[in-house]
Amino acid sequence: MRYFRGSLLVTVAGLALGTGLGWSASGTVGGTLATLFIVLVLAVLEVSLSFDNAVVNATVLHQIDAVWRRRFITWGIAIAVFGNAHRLPAPGRRRHRGHQSVGGAGHGGDRP
């Protein structure tokens with residue numbers, strides 16, 4: 001059980017944050033439970049997809065040379081963690097690509 005202590009703490013913290021988010025967004029028990037359900041479903045989905053990915057990677061890594069195995073792990077982690085950071089939306093970060101205001105480009109929407 002000591003081995004899973006960190007994972008359990010992160011899980012409880014995530015569920016607590018999801019509960020807090022549900023309550024602050026809805027202010028009702030029903031909304032909080034709905035948000036908590038979504039958090040639980042996403043957690044199960046993440047675990048199952050991560051496990052599936054680990055099985056596929058282990059199968060591939062078993063068949064390649066040690067040099068390429070090390071490259072696969074090193075570059076795979078770097079691309080997965082840092083390469084996707086710019087593609088995924090982050091809270092509080094806006095995308096301005098192709099966005100024009102109501103008043104036209106560069107006018108800030110205050111000109112007719």
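Data overview
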quantity	calculated
Residues of the stretch 16-30 that turn out to be assigned to a helix (DSSP H, G or I) and surrounded by fewer than 15 Cβ atoms within 10 Å (Cβ to Cβ), as a count	8
Within the stretch 50-78, tally of residues that are outside any helix (DSSP H, G or I) and surrounded by 10 or more Cβ atoms within 10 Å (Cβ to Cβ)	1
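Any read-out appearing in this document is the output of simple, stated calculations on the displayed coordinates, not a laboratory observation. Nothing here was measured: the structure is a model prediction, and the numbers come from that model. Neighbour counts are summed over all protein chains in view; Cβ atoms, including those assigned to glycine, are modelled from backbone coordinates with ideal geometry.
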